[in-house]
Each structure stands twice: as structure tokens, then as C-alpha cells.
Amino acid sequence: MLILSDQDIAKLLTMEEAIGAVEGAFAQLRRGKVMMPTRSTIMLPKYNGSISFMPSYLEESGAQATKIISIYPDNPKRGLPTTAAWIVVNNPETGQVEAFMDGTYLTGVRTGAVSGVAAKYLAPKDARVAAVFGAGAQARNQAWAAATVRKLDEIRVYDLFKPAVDKFAADMEARLGIPIVKAASGEEACRGADMVLTATTSKTPVVKRKWLGDKVHVSAIGAFYPDWRELETGIIADAKVVIDEWEAIKLESGDILIPIQEGAIKESHIHAELGQIVTGEKEGRTPKDGLTVFKSVGIAIQDSSVANLVLKKLRR
Ligand SMILES: NC(=O)c1ccc[n+]([C@@H]2O[C@H](COP(=O)([O-])OP(=O)(O)OC[C@H]3O[C@@H](n4cnc5c(N)ncnc54)[C@H](O)[C@@H]3O)[C@@H](O)[C@H]2O)c1
């Protein structure tokens with residue numbers, strides 16, 4: 001049995017390959033070739049945290065994995081990561097455990113990758129400027145994925161916590177070779193941006209409709225409780241909206257559920273699930289589209305597909 005650390009996994013994974021694996025997983029989901037119970041979550045309000053259990057099986061790629069993930073937004077104050085995870089990979093034929101993987105780094109990559117898949121189909125082809133909200137672990141991967149699918153000239157970052165912004169700018173400029181601009185406000189980050197990527201622990205909207213230009217793609221991955229959201233109702237109401245999966249969104253996504261409860265949109269306003277876009281059943285951005293939104297709460301097939309990719313690369 002293999003035991004892999006975040007460092008082992010970081011050496012093996014590229015964002016481009018992760019985007020390919022996650023895109024393949026969403027196509028299999030759409031073809032009905034996936035087993036994936038809804039995420040089972042224990043909420044621990046006393047500690048402002050949650051622990052979730054996420055099993056899935058991808059029939060076509062033979063990938064099975066189960067992730068246990070904790071989200072503790074107050075952890076950075078203790079010097080610990082907000083998001084921490086472990087993944088167990090079983091052999092689908094024999095049930096034997098094949099690998100234990102640290103899932104913290106992999107979660108960041110697979111969450112970046114799903115936004116990368118969405119941006120491939122929804123972001124303006126000539127997108128040059130991306131604004132990232134949040135300067136934490138997920139935000140880094142959102143920036144990495146955006147820079148993988150579009151030729152960016154500039155990435156702007158905005159976070160309430162200044163030291164996180166400084167570290168993000170230093171780390172990501174070195175890593176991506178793209179100038180990172182530290183925005184003084186959310187509005188400044190958004191002005192003239194072609195892509196806006198939210199990856200914060202905020203419970204209330206961080207992006208306002210009036211800050212966004214005419215042709216902008218927004219990807220929101222931070223909030224995953226029914227009463228939390230990162231985007232104003234007006235953004236969802238005005239956009240062509242693509243979601244990761246309806247079942248998960250209906251249980252967890254305030255970004256979509258709140259505008260429905262407010263009567264601002266109906267369910268039929270949602271253009272597609274990502275699987276319908278990648279299989280070509282529904283179209284992505286067309287020349288007449290202005291604002292597009294991708295909302296993801298994160299689903300287990302992202303983990304099994306990328307964990308499978310790690311094992312394949314290791315065995316090669
Ligand atoms: N969709 C998914 O698949 C998925 C996967 C993993 C984590 N997440 C979610 O992503 C979020 C971020 O996770 P992380 O691991 O990067 O956390 P993190 O703590 O490393 O980073 C979050 C950052 O958001 C900043 N922030 C909070 N409120 C803000 C605001 N109003 N404006 C600007 N910045 C603000 C914080 O200061 C922090 O730096 C969490 O809510 C987590 O639940 C989603």
C-alpha cells in the first residue's frame with residue numbers, strides 16, 4: 001500500500017493534466033457512469049468547522065476514492081490550514097486499499113481544475129486580466145488554473161488579510177511568471193477584469209454586480225453552505241449560469257439557493273451542469289453572452305479522478 005504526502009503529489013501533478021482528468025470525470029457523470037452518494041457532512045458550529053465524507057467511483061476510468069475533508073475557517077489564526085483532507089483509494093475489483101493520500105494539496109488542485117474546465121468553455125477567449133478574491137490555498141489554484149487555460153497578462157488579488165495578499169503575490173508571481181497586482185479593494189480588483197475568481201471563507205457576497213464589465217466570466221468556489229454565498233443576487237440573475245451538479249447545489253449552495261428563495265431567478269435560469277457543457281450537449285460562451293458564472297461546491301468525482309491520475313503517473 002502506498003502512502004503519499006502532499007509533497008509527493010505536488011511533484012507529480014500538473015494543472016493541465018488535472019483539468020483533463022476532471023473534465024473526463026464530468027463527462028462520465030453526464031453519461032451516467034459514476035457512483036457518487038451526496039456528501040455527508042458533520043457540522044461543528046461550536047468550533048466553526050465541518051467534516052465531510054466523500055466517496056465516488058468512476059466506472060469508465062476504474063477510479064475509486066473516498067475523501068475525508070475538514071473546513072475550519074478560523075484555523076489560519078492557529079497557524080493551521082482552513083482546508084485539510086485525506087484520501088483513501090480502494091481497488092474497485094478487490095476492495096483492497098491501494099493508497100492513502102494526503103488530500104490537502106490535491107483538493108486545491110482539483111478545485112482549481114474544475115474552474116479551469118469551466119473557464120475553458122465559458123471565459124472570453126481573449127481574457128487577459130483575472131481578479132482573484134481570497135489569497136488562501138484555494139485561491140492559488142484558481143489562479144494557476146486560469147493561467148493554464150487563458151493567456152493572462154495580469155492577475156489581481158484581493159483579501160481582507162494583508163499578509164496573505166503579500167505572500168500570495170510573492171509566491172504566485174514566482175510560480176506563474178505573471179505580474180500579480182495587490183488590489184486595495186474588491187472594486188479595484190474587478191475593474192476591467194475579464195475573469196473574476198472567488199475563493200474566500202466569506203459568508204456574504206464579496207463581488208458586486210456593478211463592479212463587473214460587459215464580458216466577464218466569474219467562477220465562485222468558496223461558499224458551500226445553503227446560507228453562505230460570495231456573489232450578489234444580481235450577478236446570478238444577469239448571467240448565463242453553469243453549476244457543477246444540481247443535487248449538490250440544491251443541498252449546499254447559497255449562491256444559487258438564495259436568489260431562488262428571493263424570487264430573483266427560477267431553477268430554469270440555470271443554463272447547464274458542467275457535464276452537459278463538456279459533452280457538447282449544451283453550449284458554453286457564445287458571442288452574444290456577456291456575464292457567465294460557474295458555481296461549484298465541489299463533488300467527489302473531482303477527487304477520485306485526480307487521485308487516479310496521481311497513481312497512474314506514479315506507476316508509469
Ligand atoms: N468548491 C470546492 O470544491 C471547495 C474545495 C475546497 C475548499 N472550498 C472552500 O473554499 C474556501 C477557501 O478555502 P481555503 O482553503 O482557500 O481557505 P483559506 O483560509 O486558505 O483562504 C480563504 C481566504 O479568504 C479570505 N477572506 C475571507 N473573507 C473575505 C472577504 N470578505 N473578502 C476577501 N477575502 C476574504 C481570508 O482572509 C482567507 O485569506 C472555503 O470556504 C472552503 O470551504 C471549496
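The values are calculated or read from the model by the stated rules, or taken from the named source; none is laboratory data. Only a predicted model underlies this, so the values are computations on that prediction, with no experimental measurement involved. Cβ atoms come from the backbone with ideal geometry, glycine included; neighbour counts cover every protein chain shown.
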query = If you check VAL181 against the conditions, is it buried (at least 19 other Cβ atoms within 10 Å of the Cβ) and assigned by TED's automatic domain parsing to the domain that holds VAL216?
reply = no
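This table checks each residue for (1) free of Cβ contacts under 8 Å to residues at least 24 places away in the same chain; (2) under 18 Å from GLN7 (Cα atoms).
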| residue | (1), (2) |
| --- | --- |
| TRP86 | yes, yes |
| GLY95 | yes, no |
| PHE100 | no, yes |
| GLY103 | no, yes |
| LEU106 | no, yes |
| VAL109 | no, yes |
| SER115 | no, no |
| ALA119 | no, no |
| ALA131 | no, no |
task = Mind counting the residues in segment 215-237 that are in contact (Cβ under 8 Å) with a residue 40 or more places away in the chain and more than 13 Å from VAL297 (Cα to Cα)?
result = 7
Qualifying position, being within 13 Å of VAL117 (Cβ to Cβ) and of a type in the set (Asp, Glu), among GLU273, GLU267 = GLU273
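Does LEU309 qualify as being over 19 Å from ALA27 (Cα atoms), of a type in the set (A, V, I, L, M) and outside any loop (DSSP other than H, G, I, E, B)?
Taking the combined requirement at face value, the residue does not satisfy it.
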inquiry  = Residues that are modelled with pLDDT under 95 and either touching a Pro at 6+ places or on another chain (Cβ under 7 Å) or among the small types (Gly, Ala, Ser) (or both): does segment 114-132 have at least one?
reply    = no
key: Meets criteria (assigned by TED's automatic domain parsing to the domain that holds LYS282, within 12 Å of the ligand (Cβ to nearest atom) and assigned to a loop (DSSP other than H, G, I, E, B)) for LYS125   = no
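Looking at segment 254-285, which of the residues that are in a loop (DSSP other than H, G, I, E, B) and touching a strand residue (DSSP E or B) at 6+ places or on another chain (Cβ under 7 Å) is surrounded by the most Cβ atoms within 10 Å (Cβ to Cβ)?
Residue satisfying both the conditions and the ranking: ARG285.
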message = Out of VAL297, VAL293, I need the residue that is within 16 Å of the ligand (Cβ to nearest atom) and assigned to a loop (DSSP other than H, G, I, E, B). Which one?
response = VAL297
key: Flag for GLY49 being out of contact with any strand residue (DSSP E or B) (no Cβ under 7 Å at 6 or more places or on another chain) and outside the structural domain of ASP159 (by TED's automatic domain parsing)   = no
inquiry  = Which of the numbered conditions does ARG175 fail, given that it passes all the others? Conditions: (1) closer than 18 Å to ARG229 by Cβ; (2) exposed (fewer than 15 other Cβ atoms within 10 Å of the Cβ).
reply    = (1)
ask   = Is it the case that ALA264 is within 16 Å of the ligand (Cβ to nearest atom) and either free of Cβ contacts under 8 Å to residues at least 40 places away in the same chain or in the same structural domain as ALA65 (by TED's automatic domain parsing) (or both)?
value = no
inquiry  = Considering only residues that are over 19 Å from ALA127 (Cα atoms) and not basic (Lys, Arg), which ones fall in segment 208-230?
reply    = ILE221, GLY222, ALA223, PHE224, TYR225, PRO226, ASP227, TRP228, GLU230
